[in-house]
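Participant: Take this structure first; my questions come after.
Values in this text are rule-based calculations from the coordinates and carry no lab data. The model shown is predicted, which means the values in this text are computed figures rather than measured ones. Here the Cβ is made from the backbone with ideal geometry for all residues, glycine too, and neighbour counts use every protein chain on show.
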Amino acid sequence: RIWIRKFSTVLFAWHPDGICKPEDFMIKADRIIKSANLQGPSADTVVDIFRAFGSGIEKNSFSQTWSSRIVEFWIAIKKGMPTEPVEEFFANLFKALDFNSDGFIQFSEYIHWWKAFDLDPSLARIQ
């Protein structure tokens with residue numbers, strides 16, 4: 001539940017209307033790659049995962065506002081939302097941010113996520 005709130009907050013930073021489109025994911029992927037100066041397999045992983053996120057958005061008709069999507073998430077959680085898609089989503093997000101594939105996300109990797117979303121880097125350590 002905490003991560004749904006956190007991620008939804010980040011997505012509101014994406015667009016004032018809260019609507020994300022597949023191309024928005026690729027813009028963020030490009031920002032992460034440039035910020036972290038990624039090349040080769042690390043950059044490819046970020047692109048592949050963010051492209052999959054964008055395809056999922058398109059396929060699942062996520063073109064509604066995030067405020068309505070958040071309400072749907074909370075209703076699903078109360079009803080016993082299937083955890084497999086959520087776990088897969090966050091596992092893929094972890095892979096995208098674990099640039100050196102060591103099984104950990106160091107702060108030096110995580111900060112590029114913040115930069116991609118134009119979030120205040122001074123607040124990143126709190127997260």
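Participant: For the pair GLU72 and SER108, how long in nm is the line joining their label points, each one 7 Å along Cα→Cβ?
Facilitator: 4.0
Participant: Still on this model: What FRET efficiency, computed as 1/(1 + (r/R0)^6) with R0 = 25 Å and r the Cβ-Cβ distance, is obtained for SER35 and SER55, rounded to the nearest 0.05?
Facilitator: Once rounded, the FRET efficiency stands at 0.60.
Participant: Please identify the chymotrypsin sites (Phe, Trp or Tyr not before Pro) of the stretch 89-127 that satisfy two criteria: DSSP loop assignment and at most 11 other Cβ atoms within 10 Å. Which are they?
Facilitator: Details: sites: PHE89, PHE90, PHE94, PHE99, PHE104, PHE107, TYR110, TRP113, TRP114, PHE117; in loops: PHE99, PHE104, PHE117.
Answer in residue order: PHE104.
Participant: Cβ under 15 Å from ALA91's Cβ, ALA91 left aside: what net charge do those residues give with Lys, Arg +1 and Asp, Glu -1?
Facilitator: -4
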